Amino acid sequence: MASLGDRGPLAAFIASSVLAGGNAVCVRFTNRELAPLWGAGLRFALAAVLLVALMLARRLPFPRGRKLGGAVVFGLLNFAGAFAFAYYALERLQAGLGQTILALTPLATLLLAVAQRQEGLRWASIAGAGIAVVGVAVISGPSIGHAVPVLSLLASLGAVLCFGEATVVARRFRSVDPITMNAVGMTAGAIALILGAVIARNPIELPQRGATWAALAYLVPVGSVVVFVLFLYVVRRWGASRAAYGFVLIPPVTVVVSWWLLDEPVTRSLVIGGLLVLAGVYVGALRPAAAEAVKEAPTTSR
């Protein structure tokens, strides 16, 4: 595709979205045994250990000053804030509505980037986000109920804002290596999540079931380390709002993985909604005009 030039970011974008699609299925298994905040904290704590080891192996410098602060803020937003809000929301919010709200992340990221003068406003990106949201809503439609708890809805929107602002922060501090940014960020996020689990009186215990360990074996090295390193690589090359379109590719992938592993049916709504999602991603992130707009947008690197 001419708009993408270097195929590395496109490959990373697709890979991170596809691999992240398996995360939700694995989280279903961990949530059957582990309390949500503790489960998320354990996941990111183990991933942080791997990332720190990778930092040391590659002799990457530890960030200092504003870069260290940026990595910590990224982690508190992307791992602690977003996942705490999401887990709370999904305790009472039906999964279909939750996925549809999460699909607002590219739009929220664009508006946050524009407000902070990191990118210019692009109507094609707004249109693409709208098409993608409709696609996710079509996919999730059968599981969307009528009763919507207000606090759960607000928590879900809080997760969207946290993911969006975290992506903007990552773009602002894009001079920090993705491995380093995630190592520091996941450490900060894991500490905050575990403290939250203690405050919420979640049971702090290691898994006993083989299925839980198997899920963590995917969530830690692949669903956390690989996915978020690839994601930040895309953020560095494409910009915040374009990279955030990975969030709308995740629900269709999750449904396909669920069909493969859990024998959940593939319906007409999945096919139609999936095509709409792909159309929205193309309009908002992949077409030539979108790529050029991000290149011309004023950004700051610290």
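The values are calculated or read from the model by the stated rules, or taken from the named source; none is laboratory data. This structure is a prediction, so every number in the text was calculated from the model and none was measured. Neighbour counts are summed over all protein chains in view; Cβ atoms, including those assigned to glycine, are modelled from backbone coordinates with ideal geometry.
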The range 193-207 - residue that is surrounded by fewer than 22 Cβ atoms within 10 Å (Cβ to Cβ) and small (Gly, Ala, Ser) and, of those, modelled with the lowest pLDDT: Ala200
Helices (runs of 4 or more DSSP H) within the range 42-107 that include 1 or more residues modelled with pLDDT of 95 or more and not β-branched (Val, Ile, Thr): 65-75
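Can Asn31 be described as crowded, with 22+ Cβ neighbours inside 10 Å, under 24 Å from Leu193 (Cα atoms) and among the polar types (S, T, N, Q)?
Working: crowded, with 22+ Cβ neighbours inside 10 Å: no; under 24 Å from Leu193 (Cα atoms): yes; among the polar types (S, T, N, Q): yes.
No; evaluated as a whole, the condition is false for this residue.
Please indicate, with yes or no, whether at least one residue in the range 250-265 is modelled with pLDDT of 75 or more and closer than 30 Å to Ile179 by Cβ.
Step one: list which residues in the range 250-265 are modelled with pLDDT of 75 or more, which gives 250.
Right, trim to closer than 30 Å to Ile179 by Cβ and you get 250.
Looking through the range 250-265, at least one residue is modelled with pLDDT of 75 or more and closer than 30 Å to Ile179 by Cβ.
Can you confirm whether the range 214-225 contains a residue that is outside any helix (DSSP H, G or I) and on the phi < 0 side of the Ramachandran plot? If you could, list the steps in order and put the result at the bottom.
Initially, the range 214-225 is screened for residues outside any helix (DSSP H, G or I), giving 220.
Now drop any that are not on the phi < 0 side of the Ramachandran plot, which leaves 220.
For the range 214-225, residues outside any helix (DSSP H, G or I) and on the phi < 0 side of the Ramachandran plot: present.
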